[in-house]
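Here is the structure we will look at, set down as structure tokens.
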Amino acid sequence: MVKKLVEEHGAENLMMIIGTPDIEGAELVAETVTEGDPSYAGPLAGVSLGLPVYHILEPAIRAEIPEDLYKEHLAMMAMVIDPQELETALAKYRKKKSLKKS
């Protein structure tokens, strides 16, 4: 589905917001939608979509979520995963993407 959306709208018009509950999982998703499936087992094997990836807990995304929804759905996750670590981990994939454009 993600590949189809990129084909229809272009990667420059999309971003992926993920909500995986751990940094390693977030990095795996980020690598998959930027570089292609690293396991070469899924439908994105060898397919570089070049999407910018953010986590729902990153400060820039978190700022867009109404407080009541954040407390109800995300506050518990934010207690066990460091949003700053997530931002640092995913920023390297966004940086790789921007370097490829240059």
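Taken together, the values in this text are just the output of simple stated rules run on the coordinates, not laboratory data. Note that the structure is a prediction, hence the values are computed from the model and not measured. So basically every Cβ, Gly included, is an ideal-geometry build from the backbone, and we count neighbours across all protein chains shown.
Residues of the stretch 67-88 that are of a type in the set (Asp, Glu) and not in a helix (DSSP H, G or I): Asp82 alone.
Tell me whether the stretch 25-40 contains one or more residues that are farther than 19 Å from Lys95 by Cβ and of a type in the set (A, V, I, L, M, F, W, C). Looking through the stretch 25-40, none of the residues is farther than 19 Å from Lys95 by Cβ and of a type in the set (A, V, I, L, M, F, W, C). When Ile81, Ile65, Ile56 are checked against the criterion of being over 13 Å from the mean Cα position of the chain (by Cα), among the β-branched types (Val, Ile, Thr) and under 22 Å from Thr32 (Cα atoms), Ile81 stands alone in meeting it. Step by step: first the residues of the stretch 1-60, then only those that are in contact with a Ser or Thr (Cβ under 6 Å, 6 or more places away or on another chain) and touching a residue at least 60 places away in the same chain (Cβ under 8 Å), then the one that is surrounded by the fewest Cβ atoms within 10 Å (Cβ to Cβ). Which residue is that? Ranking the candidates gives Glu35 first.
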